Amino acid sequence: MSVTVEDGRVVSVRGDESHPFTRGFLCVKTNHYLERLYSPLRLLVPQKRVGRKGEGRFAPITWEEAMDTIAERFQAIASQYGPEAVLPYSYAGNMGKLAFGSMDRRFFHYFGASRLLRTICATAATEGYLHTMGDRLGTDPESLPESKLIIAWGSNFVSSNVHLVPFVNEARKRGALLVTVDPHKNRTAEQSDLFIQPLPGTDAALALGMMHVIVQEGLHDEQFIKENTIGFDALASHLAAYDPARVAAITGLSQDQIIEFARLYARLKPSCIRLNYGLSRHTNGGMMVRTVSCLPALVGAWGVPGGGAMLSLSGAYPLNLAALERADLLKRHEKMPRAINMIKLGEALLDVNDPPVKGLFVYNSNPAAVAPDQSRVIEGLKREDLFTVVHEQVSTDTALFADILLPAPTVFEDCDLYSAYGHLYLQLNEPAVAPLGESKSNVEVFRMLARRMGFSDPCFEDSTEELIRQALTSEHEHLRGITYERLKQETFVRLNLPRPFVPFADGKYPTESGKIELYSAGMLKLGLSPLPVHIPVSESPEANPELFRRYPLRFVSPAAHHFLNSSFADMPSMKRKERVPTIELNEVDALRRGLKDGDWVRAFNDRGKTFFRVKLAGTVAPGVACHLSLWWRQYSPGGYNCNVLTSSESADMGGGGTFHTCLVEVEKATPEEQAMIDESLQEVCAN
Ligand SMILES: Nc1nc2c(c(=O)[nH]1)N[C@H]1C(S)=C(S)[C@@H](COP(=O)(O)OP(=O)(O)OC[C@H]3O[C@@H](n4cnc5c(=O)[nH]c(N)nc54)[C@H](O)[C@@H]3O)O[C@H]1N2
Ligand SMILES: Nc1nc2c(c(=O)[nH]1)N[C@H]1C(S)=C(S)[C@@H](COP(=O)(O)OP(=O)(O)OC[C@H]3O[C@@H](n4cnc5c(=O)[nH]c(N)nc54)[C@H](O)[C@@H]3O)O[C@H]1N2
Ligand SMILES: [Mo]
């Protein structure tokens with residue numbers, strides 16, 4: 001981002017033309033960043049709660065009083081219940097390395113707080129991909145113009161990774177085809193040459209059906225398979241179970257679609273499958289990603305520019321995170337503190353007793369809006385005996401539940417180191433303006449708190465610059481020649497990799513066998529199927545017919561174009577663009593329920609209910625419903641957003657979230673409900 005500052009105020013922001021990947025433009029959300037920077041919702045001073053929990057009434061206090069209160073309460077909790085009764089809750093925030101995990105981790109490790117398993121986004125997909133490929137590496141996006149076929153597979157990159165679009169367009173100018181595989185006709189599907197629309201949670205079956213066709217018709221790349229993979233023979237005989245007729249019945253596609261797509265995939269090379277995390281948010285999500293990522297090996301798509309698959313390039317950044325996080329500080333404690341899965345926050349706050357969670361420190365996240373099974377999360381946050389600290393930029397849904405509320409800076413006000421997962425440049429971000437009001441960075445807050453609690457280790461005195469230098473301490477060749485001084489001078493630096501970077505070009509894969517694992521002995525040891533398989537998701541007619549009878553719509557809630565998770569969903573211009581929370585239905589399902597476009601419905605299941613406006617746009621198959629997320633609860637009629645419907649069940653791998661495995665029913669709102677909706681919409685528009 002290029003930022004113009006006048007008299008200490010940011011007056012404009014635009015893309016940096018000299019950046020080889022982002023190429024001078026920003027996404028629609030960050031284009032409007034000033035609205036957030038100077039938002040009336042910005043928190044500017046520390047505050048303490050004076051109203052009921054969740055009511056949002058606070059009184060200003062000094063930083064000193066805030067630190068004193070937190071230290072006293074945490075120490076009291078620790079002496080009565082042990083330090084594990086304190087739970088940190090954080091995710092990516094603005095994605096800076098230091099803000100994500102450095103002084104905060106040191107603080108909680110030293111203190112002995114419960115450890116948080118940060119599973120809400122990437123762990124299921126990552127594990128699935130690693131089982132096949134062995135590393136978090138994939139096609140260099142800058143090589144995409146070489147591709148002849150690009151497949152957006154559960155990846156709405158027009159919304160979620162817009163900087164990929166120019167590279168895809170370049171490939172298309174040279175004749176490449178773009179295919180989208182998604183249950184929702186999203187913005188990427190709208191721009192695609194071909195749209196394949198399987199039922200949610202059935203992609204492993206689709207990929208196996210494609211493999212069936214490819215192998216049966218002899219379209220696989222025998223030489224590549226022989227030299228680079230393990231387990232092909234076992235896979236080939238296993239494919240008998242995935243003939244097009246059975247796969248059609250599972251996925252809702254036609255046999256012809258499956259056969260034609262398989263032939264196209266085998267024929268056009270180089271090809272790149274752009275996977276993303278959306279696909280993995282199912283109870284079988286890890287296995288779906290593991291299965292789809294076997295496809296490139298079958299047709300020998302790897303080893304050339306523009307070929308392969310791309311889930312994430314985060315494995316290309318060998319930063320010294322251990323030095324930042326200092327997990328060795330845990331050794332001070334007699335036993336390793338327990339671990340709590342972040343997608344089970346409701347359970348952690350309501351059911352866990354050994355010891356109960358008595359103190360919660362939320363930063364870099366807005367769990368009241370983003371975590372699943374929202375009614376239980378809220379019930380937990382309302383607990384009078386829970387002491388909650390929230391460190392935030394703005395007055396989010398979670399901030400309303402704080403006992404102590406602390407102001408945080410935005411990227412314009414904070415110094416941090418940035419890696420990426422969709423390109424190969426490392427960046428140093430230096431502040432453009434001083435922190436607004438009294439806001440303080442994550443690093444600063446945990447440094448202050450460590451001091452106040454008398455933590456003696458010298459690591460708590462490390463400065464921001466020292467932390468960045470520590471992160472860069474690595475012998476790895478990708479970081480060779482990349483120093484703090486160089487980053488300060490150049491701002492962003494390409495990792496020490498050729499351009500384009502061709503991953504796995506040497507035919508070496510860091511799996512157990514050293515090959516791409518079509519059969520994985522490691523998975524067998526973990527109790528998983530060693531071969532790719534289709535396992536019906538837990539909320540489906542196959543796995544739970546009784547539930548399906550009551551809630552016959554498969555509900556997915558992927559990211560909205562104008563929101564970033566719940567970030568930016570407070571900005572008036574972005575809310576205006578998204579208008580109201582909607583649910584996209586198939587015409588058949590609408591007709592059956594007497595619903596028209598524009599009607600308001602109550603969407604519900606055993607976990608809760610929320611309200612959406614019906615959108616009939618031919619975007620989903622019968623039996624599927626889609627809501628673009630994430631609206632704040634504050635702006636959702638009825639006070640709950642879509643996550644009141646989603647489940648806290650974890651995925652088959654990595655403990656990941658399963659937001660898209662979710663059965664619901666919808667009914668037209670009653671007149672009383674409609675009156676409530678109309679009233680709350682007036683409020684939303686006024687805000
Ligand atoms: N505008 C915008 N951009 C974002 C974000 C945002 O909130 N808004 N979030 C950022 C973050 S944190 C992340 S992790 C990434 C996520 O990036 P993506 O993974 O691209 O985003 P999602 O919208 O979660 O999901 C992508 C698609 O998966 C589809 N999907 C759901 N279930 C299935 C399935 O069973 N099979 C298939 N084939 N597709 C399925 C959804 O319909 C959706 O179109 O985006 C990042 N970028
Ligand atoms: N239904 C449904 N739910 C989902 C998803 C979905 O697709 N569907 N997607 C899931 C995914 S992929 C993810 S990653 C999670 C994301 O969930 P969250 O991690 O909660 O992401 P955000 O909603 O963007 O909230 C990040 C918060 O951090 C704050 N912040 C930013 N910078 C800083 C900082 O430097 N310090 C502090 N203290 N705070 C900061 C921002 O103001 C913002 O409120 O949501 C998940 N929830
Ligand atoms: Mo995410």
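The values are calculated or read from the model by the stated rules, or taken from the named source; none is laboratory data. Since we're looking at a predicted model, the values are computed, not measured. Cβ sites come from the backbone with ideal geometry, for glycine too, and all protein chains shown count toward neighbours.
Tally up the residues in the stretch 388-411 that are assigned to a loop (DSSP other than H, G, I, E, B) and more than 8 Å from ligand 2 (Cβ to nearest atom), please.
Matching residues across the stretch 388-411 total 4.
State all residues of the stretch 199-232 that are buried (at least 23 other Cβ atoms within 10 Å of the Cβ) and either within 16 Å of ligand 3 (Cβ to nearest atom) or assigned to a loop (DSSP other than H, G, I, E, B) (or both); if no residue qualifies, say none.
Scanning the stretch 199-232 gives PRO200, GLY201, THR202.
Residue-wise test of (1) within 16 Å of ligand 3 (Cβ to nearest atom); (2) crowded, with 23+ Cβ neighbours inside 10 Å; (3) outside the structural domain of CYS294 (by TED's automatic domain parsing); (4) of a type in the set (Asp, Glu).
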residue	(1), (2), (3), (4)
LEU117	yes, no, yes, no
LEU130	no, yes, yes, no
GLY134	no, no, yes, no
GLY154	yes, yes, no, no
ARG174	no, no, no, no
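Tell me which residues, restricted to the stretch 495-524, are polar (S, T, N, Q) and touching a residue at least 40 places away in the same chain (Cβ under 8 Å).
THR511, SER513, SER520 - these are the residues of the stretch 495-524 that are polar (S, T, N, Q) and touching a residue at least 40 places away in the same chain (Cβ under 8 Å).
In the stretch 625-635, which residues are more than 9 Å from ligand 1 (Cβ to nearest atom) and not in a loop (DSSP other than H, G, I, E, B)?
Correct list: ALA625, ARG633, GLN634, TYR635.
Tell me which helices (runs of 4 or more DSSP H) are completely within the stretch 480-586 and hold 2 or more residues being more than 16 Å from ligand 1 (Cβ to nearest atom) and over 22 Å from GLY422 (Cα atoms), or say none if there are none.
484-490, 521-525, 545-550
Among the residues of the stretch 647-687, count how many are β-branched (Val, Ile, Thr) and farther than 20 Å from VAL601 by Cβ.
Number of matching residues: 2.
Only one residue in TYR418, TYR425 is on the phi < 0 side of the Ramachandran plot, within 16 Å of ligand 1 (Cβ to nearest atom) and among the aromatic types (Phe, Trp, Tyr). Which one?
Selected residue: TYR418, the only one of TYR418, TYR425 that is on the phi < 0 side of the Ramachandran plot, within 16 Å of ligand 1 (Cβ to nearest atom) and among the aromatic types (Phe, Trp, Tyr).
Please count how many residues of the stretch 574-588 are touching a residue at least 40 places away in the same chain (Cβ under 8 Å) and either within 16 Å of ligand 3 (Cβ to nearest atom) or of a type in the set (D, E, K, R) (or both).
4
Just a yes or no: is a residue in the stretch 622-641 over 19 Å from LYS575 (Cβ atoms) and surrounded by fewer than 21 Cβ atoms within 10 Å (Cβ to Cβ)?
Yes, the stretch 622-641 has at least one match.
Taking into account only those residues within the stretch 523-580 that are more than 16 Å from ligand 2 (Cβ to nearest atom) and among the acidic types (Asp, Glu), which is farthest from GLY608 (Cα to Cα)?
Applying the filter and picking the extreme gives GLU542.
When residues of the stretch 457-478 are filtered for being touching a Ser or Thr at 6+ places or on another chain (Cβ under 9 Å) and either in a helix (DSSP H, G or I) or of a type in the set (Ser, Thr, Tyr) (or both), how many remain?
5
Can you tell me which of SER456, SER439, SER375 is polar (S, T, N, Q), within 13 Å of ligand 2 (Cβ to nearest atom) and farther than 30 Å from ARG23 by Cβ?
When all the criteria are applied, what remains is SER439.
Among what's in the stretch 348-386 and is within 16 Å of ligand 3 (Cβ to nearest atom) and on the phi < 0 side of the Ramachandran plot, pick the residue that is surrounded by the most Cβ atoms within 10 Å (Cβ to Cβ).
Across the stretch 348-386, the extreme among qualifying residues is PRO367.
Can you report the number of residues in the stretch 640-672 which are over 18 Å from the mean Cα position of the chain (by Cα) and away from ligand 2 (no atom under 16 Å from the Cβ)?
Here the count works out to 8.
Which of the following residues is at pLDDT 95 or above, surrounded by 24 or more Cβ atoms within 10 Å (Cβ to Cβ) and assigned to a helix (DSSP H, G or I): ARG263, ARG246, ARG290, ARG274?
ARG290
It is to be established whether one or more residues within the stretch 596-615 are in a helix (DSSP H, G or I) and away from ligand 1 (no atom under 16 Å from the Cβ).
No, the stretch 596-615 contains no residue that is in a helix (DSSP H, G or I) and away from ligand 1 (no atom under 16 Å from the Cβ).
Taking the conditions exactly as written (closer than 30 Å to ILE225 by Cα, outside the structural domain of ASP570 (by TED's automatic domain parsing) and either part of a helix (DSSP H, G or I) or at pLDDT 95 or above (or both)), does GLY346 satisfy them or not?
No: the conditions fail for GLY346.
Report yes if some residue within the stretch 627-646 is touching a residue at least 12 places away in the same chain (Cβ under 8 Å), closer than 30 Å to MET523 by Cα and not polar (S, T, N, Q); otherwise report no.
Taking every residue of the stretch 627-646 in turn, none turns out to be touching a residue at least 12 places away in the same chain (Cβ under 8 Å), closer than 30 Å to MET523 by Cα and not polar (S, T, N, Q).
Between a residue in the stretch 558-573 that is at positive phi and any residue that is in a loop (DSSP other than H, G, I, E, B) and within 15 Å of ligand 3 (Cβ to nearest atom), which pairs come within a Cβ distance under 9 Å, given they are 6 or more apart or on different chains?
These pairs meet every condition: ASN565/TYR91; ASN565/ALA92; ASN565/CYS121; ASN565/SER365; ASN565/ASN366; ASN565/LEU630.
Does any residue of the stretch 59-66 turn out to be in contact with a Gly (Cβ under 9 Å, 6 or more places away or on another chain), within 16 Å of ligand 2 (Cβ to nearest atom) and either under 25 Å from ILE378 (Cα atoms) or modelled with pLDDT of 95 or more (or both)?
Looking through the stretch 59-66, none of the residues is in contact with a Gly (Cβ under 9 Å, 6 or more places away or on another chain), within 16 Å of ligand 2 (Cβ to nearest atom) and either under 25 Å from ILE378 (Cα atoms) or modelled with pLDDT of 95 or more (or both).
Please count how many residues of the stretch 588-639 are of a type in the set (A, V, I, L, M, F, W, C) and either under 20 Å from VAL684 (Cβ atoms) or not assigned by TED's automatic domain parsing to the domain that holds PRO558 (or both).
Total satisfying the criteria: 10.
Mind listing whichever residues of the stretch 267-321 are of a type in the set (D, E, K, R) and more than 16 Å from LEU137 (Cβ to Cβ)?
ARG267, LYS269, ARG281
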